[in-house]
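Notes follow once the structure below has been shown.
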Amino acid sequence: MHALAQQLNATLQQEAAPVLEMLSELGRAIYFPKEGILSQSAEAGQKAKKFNATIGIATEKGIPMHLGLIQETLSAYAPKDIYPYAPPAGKPELRTAWRSKMLKDNPSLAGKSYGNPIVTNALTHGISIVSDLFAEAGTPLIVPDKNWENYELTFGVRRGAEMVYFELYDARGKFNSTGMKAALLAQLAAGKKKAVVLLNFPNNPTGYTPTAAEGDEIVAALKEVADAGLKLVVVTDDAYFGLFFEDSLTESLFGKLAGLSPNLLAVKVDGATKEEYVWGFRVGFITYAHASEKVLAALEQKTMGIIRATISSGPHPSQTFVLKALQDPRFEAQCAEKHEIMKARANKVKALLDAGDFGDAWDYYPFNSGYFMCLKLKGANAEAVRQRLLNEYQIGTIALGETDLRVAFSCLELEHIDELYQTVYKAVKDVQAGA
């Protein structure tokens with residue numbers, strides 16, 4: 001093992017032995033090279049005032065070389081803010097701005113110890129980093145039965161983790177914290193030493209976010225399991241953060257999980273993707289919470305090692321675009337405007353479904369946030385209904401399992417919502433009748 005990795009592991013062993021035990025074999029072995037090209041180039045950037053012949057970009061007349069035809073479309077930005085490589089951990093100003101935004105959006109973080117957000121190539125990359133650092137063959141990944149399918153690819157297929165599911169909803173139609181705790185305690189009883197827990201709110205595919213009381217239940221359950229001896233990496237996948245419409249948490253659970261137990265490492269994965277409506281920019285963040293600054297520094301170095309070994313660094317232009325948006329005084333007002341549009345769509349869907357006209361075709365799972373909602377079809381296969389909608393009515397939906405049909409109200413204008421659900425109802429009746 002490289003000496004730098006050994007140093008990082010020694011720091012973790014001294015400062016937080018449970019965190020070292022949470023790491024995968026890859027997580028233990030990874031490090032960020034301090035004597036490589038990037039570190040030497042960074043040093044040269046500070047001291048090489050005469051000539052800097054280090055990093056592999058081209059310059060011309062003191063600025064990054066670029067094509068005029070490209071700069072014409074980006075004339076609002078200085079070449080230095082879009083053409084050079086971004087640092088592996090991301091543009092420093094962006095990291096600082098996102099940290100400030102996190103604290104403003106999540107007052108529960110006040111007084112908590114957590115690291116500077118590290119820039120990722122959007123949310124999927126952040127989840128992948130968690131998987132690389134903490135999961136390997138046999139590591140249990142605890143997730144609800146209704147979840148984003150990419151978790152299985154990222155943790156199960158790529159890293160060999162054991163997928164462990166619990167029912168998302170309990171008998172009350174609330175988040176099933178009892179089922180989550182039972183799934184975790186079963187891992188402890190089976191002799192497992194660690195587990196990764198993924199909490200995705202608002203949930204994809206159901207659009208559900210727990211209430212504040214349910215959030216407290218989740219936190220209490222995780223603390224009980226961690227205090228019982230199972231080492232937990234608890235990841236809040238906050239992809240749809242901020243899109244809370246009614247009766248739900250309005251903060252990430254990351255704040256309440258930070259510092260909860262020595263056996264629990266809280267990790268926040270979020271990004272500008274949905275929060276700023278910039279899906280194609282691919283700018284995300286990963287943030288760790290721990291009482292020890294040395295532990296946070298070691299985890300940052302290991303994360304940078306994963307980034308260096310995979311994508312080297314994220315795209316600079318989109319980081320600059322996001323930073324400029326965060327710095328603009330119009331940012332909050334424009335986000336609020338889009339939030340109200342999304343909320344109106346969700347409320348109209350719920351009012352339509354609650355009118356009672358579709359009870360013979362489906363029930364629906366509770367939803368209060370995000371982009372999606374899920375129908376639970378009656379007497380009709382979800383894939384058959386999906387195919388019927390697509391081929392007969394030219395409407396696209398997502399079939400999940402035997403009964404569940406996901407509808408994204410995020411891309412439906414208010415005036416189209418009634419027609420869409422009336423047509424889904426027609427398709428379900430068609431399938432029920434054997435069409």
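In degrees between 0 and 90, to the nearest 10, how far off the longest principal axis of the chain does helix 331-354 point, with axes built from Cα atoms?
It is inclined by approximately 20 degrees.
Using alpha carbons only, how many angstrom separate the centre of the stretch 364-393 from the centre of the stretch 99-114?
If you average the Cα positions of each part, the centres end up 37 Å apart.
Evaluate Rg over Rh across the stretch 332-432, taking Cα atoms for both radii and Kirkwood's formula for Rh. Show your work: numbers first, answer last.
On the way: Rg = 13.7 Å, Rh = 13.9 Å.
Radius of gyration over Kirkwood radius for the stretch 332-432 works out to 0.99.
Where does each of 83-90, 378-385 land if you order them by average Cβ count within 10 Å, highest first?
Highest-to-lowest ranking by the protection proxy: 83-90, 378-385.
Put +1 on the Cβ of each Lys and Arg and -1 on the Cβ of each Asp and Glu in the chain; which of Ala10, Leu265, Pro107 then has its Cα farthest toward the positive end of the dipole?
Projecting each Cα onto the dipole axis, the largest value belongs to Ala10.
Which ³J(HN,Hα) values, rounded to whole Hz and listed in residue order, are derived for the stretch 165-177 from phi using the Karplus coefficients 6.51, -1.76 and 1.60 in 6.51 cos²θ - 1.76 cosθ + 1.60 with θ = phi - 60°, glycine and proline given as x?
Calculated HN-Hα couplings, in order: 10, 10, 5, 4, 9, 8, 5, 7, x, 10, 4, 8, 5 Hz.
Cα centroids of the stretch 236-301 and the stretch 136-153: how far apart, whole angstrom?
The two parts, judged by their Cα centres, are 18 Å apart.
The stretch 197-239: percent of C-alpha pairs farther apart than 17 Å?
37 percent
Taking all pairs of different Cα atoms in the stretch 63-185, averaging 1/r and flipping that mean, what Kirkwood radius in angstroms comes out?
Working: mean 1/r = 0.0546 Å⁻¹.
It is 18.3 Å.
On a 26 Å Cα-Cα criterion, which of the cross-link pairs Lys146/Lys350; Lys101/Lys194; Lys174/Lys302; Lys348/Lys429; Lys112/Lys350; Lys274/Lys426 come out too long?
Working: Lys146/Lys350 20 Å; Lys101/Lys194 32 Å; Lys174/Lys302 37 Å; Lys348/Lys429 23 Å; Lys112/Lys350 37 Å; Lys274/Lys426 32 Å.
The pairs that break the limit, which is 26 Å between Cα atoms, are Lys101/Lys194; Lys174/Lys302; Lys112/Lys350; Lys274/Lys426.
Treating the angle as unsigned and between 0 and 90°, give the value, to the nearest 10°, between the Cα long axis of helix 316-327 and the longest Cα principal axis of the chain.
Between helix and principal axis, roughly 70 degrees.
Which values, in whole Å and largest first, are the semi-axes of the equivalent ellipsoid of the chain obtained as the square root of 5 times each eigenvalue of the Cα gyration tensor?
Equivalent-ellipsoid dimensions as semi-axes: 39, 29, 19 Å.
So what are the ³J(HN,Hα) numbers for the stretch 245-254, from phi and the Karplus equation (6.51, -1.76, 1.60; θ = phi - 60°), rounded to whole Hz, Gly and Pro as x?
Computed from phi, the couplings for the stretch 245-254 are 10, 6, 6, 8, 3, 10, 10, 6, 5, 3 Hz.
Toward the positive end of the charge dipole of the chain, about the Cα centre and with charges on Cβ (Lys, Arg +1; Asp, Glu -1), which of Ala44, Gly215, Gly229 goes farthest?
Farthest towards the positive pole: Ala44.
Could you order the peptides 109-121, 235-247 from most to least packed, using the average number of other C-beta atoms within 10 Å per residue?
Ranking, from highest mean packing down: 235-247, 109-121.
If one takes the longest principal axis of the Cα atoms in the chain, at what angle in degrees, from 0 to 90 and to the nearest 10, does the Cα axis of helix 293-310 lie?
In the chain, helix 293-310 runs at an angle near 80 degrees to the longest axis.
What's the FRET efficiency of Lys426 with Thr250 using the Cβ-Cβ distance as r and R₀ = 30 Å, to the nearest 0.05? Intermediate results must be reported in sequence, preceding the final value.
Values: r = 37 Å, r/R0 = 1.24.
Rounded to the nearest 0.05, the efficiency is 0.20.
No value in this document is a laboratory result; all are computed from the given coordinates. Just so you know, these numbers come straight off a predicted model, no measurement behind them. Cβ sites come from the backbone with ideal geometry, for glycine too, and all protein chains shown count toward neighbours.
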